[in-house]
Amino acid sequence: MNESAGKTVKLSWQSIVGILLLVATVALIAREQFETLEQLDGGLSTTADPWTEADTIRAADGYAQQGLFSNWGLPDLCFGDQFSEYGTKAMLRKGQGAQSWLAAAAVGREISDPISADRFVYTHYPAGPHLIAGAVAKTFGSGRITLYRAAPITAGLIAVVYFFFELAKSMGLFRAALAGMAMTSIPMFTNMMHGLSYQGYALALLLVQLGFCMRIARRGWSGTSIKVWMFLVAFCQGMLGFDYAFLVVLAPLAMAQALGSGPASTKSFLQASAISAVGFGIAHCLHFLQVAVYLGSFRRAVEDFSAIASYRSAGSHYDGGLLIPSRFDIWWGYLTDYSAMPLHFGVPVISILAASFALLLAVKLLRLCDVPRSALVAVPTSALICSAWVIVMHQHSAQHWHFIPRHYFLAVFVALLTILRLDLSVAFARMAREVGRDP
């Protein structure tokens, strides 16, 4: 008989509380999503980019009626009349699009394929979210928007559970519960989980990637399974959109600093970064081929991407025609006003990062416990990674202030992780002894 079979695992009160808090946190997140479904009742989301949701729903109708491979798998954002008062269809019908945007969007297209309120096959972003909604529409029928939302909500809940699991394995149940409650208090952690565009999916995949990073720090880079999964997560992220590029590729390096990895682990994280870049890059290469086939040549595809990339990076006006503030002003706005919106973090993200860095520095200078230099570097490094898209893609970031601030979740999590990893027990014990010696 196996002697270990009769042994019982004893959990401390902290672990029991941690388990209860984690279960309660996941249950509250799930309840929030179901309440959101009831409130929306088949309508557009009030938080998860309703403009793009309208486009995604119309594209799903197009896939359902014409097939998932119509237009070589690219979405028609203006198909049909669903939510015709919202999104690109409404903008084109009302003539609200700036000529500079229309000119950039039309590059590479045949004269027989003009952009109009009746048809706009979208080439500038991967079709992942549209195809997911289209697959649901083709399987269960068009217009069942509440059912469409089952896909992103399911993906989000699975990602949260896995993320919390890796947190618990890395820092213990109680600290993982504290981290979970802290992140759930941030509006952006859950308020787009039900969205039909890419935002909810992208955060879910980022959580899984961060979970992989914690697993690598704990168990190393051995075996092929973690490599394959890291590649697949990055590939799927690439099928959703472009703007998580810096996060996908560089998040493992920020996590390496936050987790205080040694030389062997540093190599593992570099490999994780490289394989993420490959997965993300392959997804976009496939999207480029898709666009090239649709437009009829590689030259036209290059012209198409070059024109819109130049517009989104160097453009000086919003899509509606108004002048955009300077690159620095937009970046500072993201660190302060945009991130402080109730839609995102509720407080300026720079205040969260500055307070975290100051706390780490104070603990180190007072020698309350060991604070690795890498932990101090991790906070500003992660902030720069989150800012990279904002700085490089100036016009795109200015235009899309309603979801690009979500990038800063990585920096906030890294700051939280470095703080929760502090071992202050020695300092508390010393303080208790000193108090006990007082006359």
Pairs of Cα atoms farther than 20 Å apart, region 318-404, %: 44 percent
Ranked by how many other beta carbons lie within 10 Å on average, peptides 373-383, 82-92 from highest: 373-383, 82-92
For peptides 197-210, 165-178, 40-53, sequence by mean Cβ density within 10 Å, most packed first: 197-210, 165-178, 40-53
Mind checking which of 90, 210, 74 is farthest towards the positive end of the chain's charge dipole, using Cβ charges of +1 (Lys, Arg) and -1 (Asp, Glu) about the Cα centre? 210
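If I stretch the segment between residue 32 and residue 85 completely, what's the gain in nm (0.36 nm per residue apart, minus their alpha carbon distance), one decimal?
16.3 nm
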Just how large is the dipole of region 272-400 about the Cα centre, in debye to the nearest 20, putting +1 at every Lys and Arg Cβ and -1 at every Asp and Glu Cβ? 340 debye
Between region 255-320 and region 220-252, how far is it from one alpha carbon centroid to the other, in angstrom? 12 Å
Return the carbon/sulfur percentage of the accessible area of the chain, one whole number, probe 1.4 Å, all protein chains in place. 66 percent
Unsatisfied cross-links (Cα-Cα over 25 Å) in the set 227/267; 10/364; 89/138: 10/364
Taking 0.36 nm per residue of sequence separation and subtracting the Cα-Cα distance, how much length would be gained by fully extending the chain between residue 11 and residue 329, in nm to one decimal? 109.4 nm
If packing is taken as the average count of other Cβ atoms within 10 Å, what order do 276-287, 412-423 fall into, highest mean first? 412-423, 276-287
Once both label points are put 7 Å beyond Cα along the C-beta direction, the residue 39-residue 267 separation in nm becomes 5.1 nm
Can you find, among 341, 386, 361, the residue sitting farthest towards the positive end of the charge dipole of region 292-388, where Lys and Arg contribute +1 and Asp and Glu -1 at Cβ? 361
Inter-site label distance for residue 361 and residue 299 at 7 Å from Cα along Cβ, in nm: 5.6 nm
Does anyone have the angle between helix 198-219 and the longest principal axis of the chain? Alpha-carbon axes, 0 to 90°, nearest 10? 30 degrees
P(r) of region 249-404 over all Cα-Cα pairs, 5 Å bins starting at 0, rounded to whole percent, reads 2, 8, 12, 14, 14, 16, 14, 9, 6, 3, 1, 1, 0, 0
In degrees rounded to 10, the 0-90 angle between helix 263-295 Cα long axis and the longest Cα principal axis of the chain is 10 degrees
So if each residue of separation counts as 0.36 nm, and I subtract the Cα-Cα distance between residue 322 and residue 19, what length gain in nm does that give? 104.0 nm
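The values are calculated or read from the model by the stated rules, or taken from the named source; none is laboratory data. Here the structure is a predicted model, which means the values were calculated and not measured. In this analysis, Cβ positions are derived from the backbone assuming ideal geometry, glycine residues included, and neighbour counts consider all displayed protein chains. Remember, those area values only see protein heavy atoms, side chains included, never the ligands or the DNA or RNA. Shrake-Rupley method; radii C 1.70, N 1.55, O 1.52, S 1.80 Å.
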